[in-house]
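Beneath this line is the structure, given in structure tokens, with notes to follow.
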Amino acid sequence: MKEKKDITTIEDIRQLVDNFYAKVRVNELIGPIFDGVIKDRWPEHLEKMYRFWQTVLLETHTYFGSPFPPHARLPIDQEHFTIWLRLWHETIDEFFSGDIADEAKWRSNKMAAMFLSKIEYYRGSATTPLV
């Protein structure tokens, strides 16, 4: 069995993101939500995700923006985040091992909890998240 390496380059980020979103797109529950929002802009979305995770994990600041607002009004709940996390962790474990791979899992758990909390807040509020 080939030894897995850690996430250390933009090529690693691309491999992770591409394989993760391939799984997302065929998932019965979350795939249609992503496809419904992204439509034919998948290449743009993937480029944005490469920059986001490169910034988060490799501390190379290529992502600028606010990741939460596009998610604020999505019809999603804990079940959707559970699947998202399962697919993310599964993809990391499939290709990578190491401190940054562990950090990618830890950060995704924190992000999912924060996003879900904020989605639930905005669902019951007339306010709009700041961009």
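Quick check: net charge around ILE30, other residues with Cβ under 14 Å of its Cβ, Lys/Arg +1 and Asp/Glu -1? The partial results should precede the final answer.
On the way: positive: LYS23, ARG25, ARG86; negative: GLU28, ASP35, ASP77, GLU79, GLU90.
My count for the surroundings of ILE30 gives -2.
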Options [x] -0.47; [y] -0.68; [z] -0.56 - which one matches log10 I(q)/I(0) by the Debye sum over Cα atoms at q = 0.13 Å⁻¹ as calculated here: [z]
222 nm [θ] for the chain, helices only, -39500 (n - 2.57) per DSSP H run of 4+, per residue, to 500? -22000 deg cm²/dmol
So for the chain, averaging the separation of alpha carbon pairs under 8 Å that are six or more residues apart and normalising by length, what relative contact order in percent results? 34 percent
Lysine pairs in the chain with alpha-carbon atoms under 18 Å apart, 8 or more places apart or on different chains: how many are there? 7
Sorted from fewest to most neighbouring beta carbons within 10 Å, what does the list TYR121, TYR50 look like? TYR121, TYR50
Quick one: if the Förster radius is 35 Å, what FRET efficiency do ASN19 and LYS118 give, using the C-beta to C-beta distance and rounding to 0.05? 0.80
Using θ = phi - 60° and the Karplus relation 6.51 cos²θ - 1.76 cosθ + 1.60, list the HN-Hα couplings for region 109-117 in order, rounded to whole Hz, with x at every Gly or Pro. 4, 5, 5, 4, 4, 5, 4, 4, 4
Backbone N under 16 Å from the GLU103 label point (7 Å along Cα→Cβ), restricted to region 6-29: 6-14
In terms of modelled amide H atoms, which long-range or inter-chain residues lie less than 5 Å from the amide H of LYS4? none
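Kindly state, to the nearest 0.05, the FRET efficiency for GLU94 paired with ARG73, given R0 = 30 Å and r defined as their beta-carbon distance.
0.40
What does the charge count around ARG14 come to, taking other residues whose C-beta lies under 13 Å from its C-beta (Lys +1, Arg +1, Asp -1, Glu -1)?
That sum, taken over residues with Cβ under 13 Å, equals -2.
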For GLU28 and PHE64, extending 7 Å from Cα along the Cα-Cβ vector and measuring point to point gives, in nm, a value of 4.4 nm
Can you compute 3J(HN,Hα) from phi for each residue in region 46-52, using the Karplus curve 6.51 cos²θ - 1.76 cosθ + 1.60 with θ = phi - 60°, rounded to whole Hz and x for Gly and Pro? 4, 4, 5, 5, 4, 5, 4
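Only the coordinates and a few stated rules stand behind these numbers; no lab work does. A quick note: this is a predicted structure, and the numbers were derived from the prediction, not measured. A quick note on method: Cβ atoms are made from the backbone with ideal geometry, for glycine too, and the neighbour counts reach across all protein chains shown.
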